[in-house]
Every structure is written in C-alpha cells, then in structure tokens.
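Chemist: Structure incoming, see below.
No value in this document is a laboratory result; all are computed from the given coordinates. Worth saying up front: this structure is predicted, and the values here are computed from it rather than measured. Counting neighbours? That spans all protein chains shown, and the Cβs are built from the backbone with ideal geometry, glycine included.
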Amino acid sequence: MKRVLAAMVCGVCVLTGCTDPDSEPSDVSPNPAPAPSAESGPPSSGPTGPTGPTGPTESSKPPHPVSLPALMHKEYDGGRLRLGTEVYTTATQRQYEVTYQGGGLTISGRLAVPEGAGPFPAIVLAHGYIDPAVYVNGQGMTREREWFADHGYVALHVDYRNHAGSDDTAIGEADLRMGYAEDVINAVLALRAWAGPVDDERIALGGRSMGGGVVYNALVAQPGLVDAGVVWAPVSSDAVDSYNRWIANDPGRQDIVRAIDRLHGLPKDNPEFWDGISARTYFDQVTEPVMIHHGTSDDTCPIRWSRETARLMRAAGVDVDLEVYEGEEHAFGPQFFASMERALRFLRQHVR
C-alpha cells in the first residue's frame, strides 16, 4: 500500500461556478472530430508563487483551518466501503450505490466494477459543480464511470459531503472545497481497505470542471497517495480566478462578497488566505504525473486557466501534459472519446 505523506465562507458553489449537468447519455456515439494536440516542452521560466508545506511563509502557528496546509497536516481514516443497491448491469460491469466513512462522516457514491476476478486498477472520480439541492447519487460523471469500468478500472464516483446520501456538515458548503478534497482522499483509502477486487497499488484520481480543482487540491495535500491525476475542463488552480469569474462582479452575489470580506478579507486585502486555498501555491508538493484535457471553445472554464496551470506545474517540476481540443466546449461532446482514449494511455503508463 502506498504511504500517505502527511472549516469559513458562504458556499463552495460560489467559488466554482462550473456546472456539469448530467445531460450526456452514457451511450453517446463518437463523432468525427479533429485529433487533440499535446502541449509540452521544457519548463517555462517565471515565478510559481510562494510555496511550502505550511503556507506561503514558514510559520510556527497552526495552518488556517480552511486551507490546503490544514489538509496536508490532517490525519485521514477513510474506510468501511459498503455496497448498496445494484443499479446498473451490463456484460462488462456492475454498478452499485455505495457509502464509506471518513472524517466522522458517511459519504455516498457510485461504484463501477468490471466483470472478472481482478484485481483491477482503480480511479476515484470527482464530479463538477451541481447544486447540492438537486444533485442525485452518481450524477456528473456517468460517462467516465461507465467508460473506465468497460476498460478494466474500478471507478468510484464520490458524491461529496452535503450531496445525495452523504452526511451534511454543520457549516454546509462553507469550507471552499477543502472538504471535497478530504472526501476524495478518504475515498482512496476506503478503496484500499475494501475487500473487493482493487489493486491498491494502482489508483488514480480523475475530475471534471470543479472536480478538476478538487483533484489538484488532493494532489498537493497528500503527495504519494495515488499514482496519477487526470482532469477535464478544470477550474483554475488559483481561487482568485474563480472568485473574480463568478462572484466579484455579479450584482446578485454581493451579499456573498460581503460575507467573504467579513470572514477572510477579499483577495486584495488578504492574499495570504487566498494563496492558502489555491493549489498552485503548493505545486512543488505534487509528486504524481498530471494530464489536463481542455477545449479551446470552453466558455465556462477558459483554457487560459489550464495553460497557466500547466506552465506553473512545469516550473515547479511536475510531470504534466496539457491536451488541447480544438473547438471543444466545456462538456466535451464530439471529442469525449478521444479524450478518454488519451487518458487511458496515460494511466496505463503511470498506474502500473
């Protein structure tokens, strides 16, 4: 088993904005499309921002409870994965509603298991933003879950706290996605502790949109936890970008702006706090290879965010590939299967 190296603002939803409605059926047929291109090269020069395992500057004080350094210092106890109702069956896989325990919470999800004896490699999936009030079990990455199981991976789709059958927390969505990263980290540990057909030395993380940001956070918080990370149309690795994109200039969200200002200060007033919840501040902690998929026509999470994330990862020494899909939009329609084939080749190279 791999060795794992070791909440308050209104609404994680307000710092995500990317909505992934579960509108694409799992039997979507691929359409002809231009092949994706890879962006790679030597590390770019330029600063990556302040880095360090305890925050932007070394300090003897404990980390802010809503921060990535707090996740770095946290002890994780994910386990007790339990299969519930079997909800989907084909000749190649079975899917179940599941729950697992972690951090004193019960977290629900959806598990896809390939037919056969195994043991199989596994991937933990982090879905994009869907309003928790309407979210249902397993929503958001149904295509990816089914596709991975069809190709020999156990796929555990995490619902997150405050979603579907998961426990609600006292602070609701007020921990700026840090709790979602904790749920994903505990999902990995729960898979490893499960008696099912999982090869616990071969586990990856995957995320879409907001879930891509959750994957970034998990990778910086717990280096060595998994073998690789792959994301599609991710949010920025800088929390300020999300704030500016979905909150700061929205007349209907000025009450949220005031709450953020009162509790933590706005980015211009308290940059240390915002650095502490931004994955890019700690890219030098990432030890796993990362693959980023992004379309040039994404008007929800602009591709410039991923270009900058890839640049900063390379500068910090991360093995990162940015795969660019000409004309593709946020939800990945025509080139979805091309992205999955590239992700599979990447995982076969690194999850071994």
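Chemist: How do K74, K268 rank when sorted from fewest to most other Cβ atoms within 10 Å of their own Cβ? Walk me through the numbers before you get to the answer.
Modeler: Working: K74 17, K268 8.
So the residues, fewest neighbours to most, are K268, K74.
Chemist: I would also like to ask the following. Around N270, under 15 Å between beta carbons, what's the net of Lys plus Arg minus Asp minus Glu among the other residues?
Modeler: -2
Chemist: Still on this model: Arranged by the count of other C-beta atoms within 10 angstrom, fewest first, what order do T90, T281 take?
Modeler: In increasing order of surrounding Cβ atoms, one gets T90, T281.
Chemist: Between D131 and R82, what is the FRET efficiency for a Förster distance of 22 Å, r being their Cβ-Cβ separation, to the nearest 0.05?
Modeler: 0.25
Chemist: List H294, H73 from most exposed to least, where exposure is judged by having the fewest other Cβ atoms within 10 Å.
Modeler: H73, H294
Chemist: Here is a further query. For region 244-330, what's the relative contact order in percent, using C-alpha pairs closer than 8 Å and at least 6 residues apart?
Modeler: On the way: 94 pairs, mean separation 24.1, N = 87.
Once divided by the residue count of region 244-330, the mean separation gives 28 percent.
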